[in-house]
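> Structure in structure tokens, see below.
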Amino acid sequence: MATVVEEIESGADERMGKSVEVLQKTFGRLRTGRANPSLLDGIEVPYYGTDTPLNQVATINVEDARTLAISPWEKNLIPEIEKAILKSDLGITPATSSDLVRIPLPALTEENRRDLAKQAKHEAEHARVAIRNIRRDAIHHVRELGKEKAIAEDDAHRAEDDVQKLTDKRIAEVDRILASKEADLMEI
């Protein structure tokens, strides 16, 4: 019966890992003072009737520390790319030339940096809550197995401890990622 407990633990660990991955992707979209192509992740452009991620219809390059250059594979996409960027909640305005869309990123003010740090803390708290919910589900499942006498009481307690250790490890990982992002945001 230890395999059932191991499945619960590995499933919980996998789901907690996905919560951390989602947090990292979310932080990748948070704007810092530097140009980063991941800033445009999540922007979709209409392409032959289908909304397609921007990085699948164009090449995104970092021109300099504060400028991204988008080179679409088809020139007729330039107006669509421009509209999609303006509709996004990034608060940036593209500059279009004949075959290129440039995105100048203005320097962040101290107030903008603080707001972004608050947003990062908020996203990290969402990740922590998701991890705790996964822990709650895993422990509930283990306790149900214990009540049904499918596993020994000692095994149930050991499994609960293991799930708690996984939770502590993943929350520490979230805290480390948050500290890194906050340092990145507050850097001038």
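> For the range 37-104, divide the Cα radius of gyration by the Kirkwood radius and give the resulting Rg/Rh value with two decimals.
We get a ratio of 0.91 for the range 37-104.
> Counting other beta carbons within 10 Å of each residue's own, what order do ARG132, ARG170 fall into, fewest first?
Numbers: ARG132 15, ARG170 24.
The most exposed by this proxy come first: ARG132, ARG170.
> Related question: How many percent of Cα pairs in the chain exceed 20 Å?
Values: 11132 of 17578 pairs.
Pairs farther apart than 20 Å: 63 percent.
> Now a separate question. Considering just Cα atoms, how many Å³ per residue does the convex hull of the range 69-180 enclose?
Roughly 163 Å³ of hull volume per residue.
> Binning at 5 angstrom from zero up to the longest distance, how are the C-alpha pair distances of the range 1-70 distributed in percent?
Reading upward from the zero bin: 3, 15, 15, 14, 14, 11, 9, 7, 6, 4, 2, 0.
> What's the exposure ranking of LYS121, LYS149, going from fewest to most Cβ atoms within 10 Å?
So the residues, fewest neighbours to most, are LYS149, LYS121.
> Here's a follow-up. List the lysines whose Cα sits under 26 Å from the Cα of LYS87, skipping any in the same chain fewer than 8 residues away.
LYS25, LYS75, LYS118, LYS121, LYS181
> Cα extents of the range 122-188 along the three principal axes, largest first, in whole Å?
Here the Cα extents, ordered largest to smallest, are 59, 16, 8 Å.
> Report the FRET efficiency, 1/(1 + (r/R0)^6), for ALA183 and GLU6, where r is their Cβ-Cβ distance and R0 is 22 Å, rounded to 0.05.
0.05
> Looking at the range 1-92, which GluC sites (Glu not before Pro) are DSSP coil and have at most 13 other C-beta atoms within 10 Å of their C-beta?
Answer by residue number: GLU74.
Where a number appears in this text, it was derived from the coordinates with a stated rule and is not lab data. This structure is a prediction, so every number in the text was calculated from the model and none was measured. Glycine also receives a Cβ, built like all others from the backbone with ideal geometry; neighbour counts cover every protein chain displayed.
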